[in-house]
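Please read the structure below before turning to the comments.
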Amino acid sequence: MTISTHVLDAARGRPFAGIAVSLRRRDGSEVANAETNTDGRITGWGEGLEAGVYRLVFDTSEAAPFFPEVVLTFDYSDPAQHYHVPLLLSPFAYSTYRGS
């Protein structure tokens, strides 16, 4: 299955396009990188990945300068499942959850 993400502008109620995101292993080695599309999404990462701890590193320096980078670390424990890890971003706060 795959890993996906979605970056939403919580202050304006719309997607954030053009956010650079890197998928990395726990040791920091990069697996993939992409930019969010016009709907704020990146889909299809993780095909063939082994179970383990991974990080999504978001370059948010243009979108929310107070948080120039957001790192979300998660346990990709069951590669047979889809993992959706969204980021809700505003100028002085962010949150995340495991989506569907």
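Could you state the accessible area per residue of region 18-100 in Å², with a 1.4 Å probe and every protein chain left in place?
On a per-residue basis, region 18-100 sits at 56 Å².
Give the residue list of trypsin sites (Lys or Arg not before Pro) in region 1-93 that are DSSP loop and have at most 10 other beta-carbon atoms within 10 angstrom.
Sparse-neighbourhood loop trypsin sites (Lys or Arg not before Pro): Arg12.
For Asn33, what is the net charge nearby, where nearby means another residue's Cβ is under 11 Å from its Cβ and Lys, Arg count +1, Asp, Glu -1?
Once positives and negatives cancel, what remains is -2.
Return the FRET efficiency for the residue pair Ala17, Val53: r is the Cβ-Cβ distance, R0 is 25 Å, and the value is rounded to the nearest 0.05.
In this case the efficiency is close to 0.30.
Does region 16-76 classify as rounded, prolate or oblate by the C-alpha gyration tensor (a ≥ b ≥ c root eigenvalues; a/c under 1.5 gives rounded; else a/b over b/c gives prolate, otherwise oblate)?
oblate
Give the carbon-plus-sulfur fraction of the accessible surface of the chain in %, rounded to a whole number; probe 1.4 Å, heavy atoms of protein chains only.
49
The values are calculated or read from the model by the stated rules, or taken from the named source; none is laboratory data. Just so it is clear, the model here is predicted, and its values are computed rather than measured. Cβ sites come from the backbone with ideal geometry, for glycine too, and all protein chains shown count toward neighbours. For accessibility, only protein heavy atoms count, side chains too; no ligands or nucleic acids. Shrake-Rupley method; radii C 1.70, N 1.55, O 1.52, S 1.80 Å.
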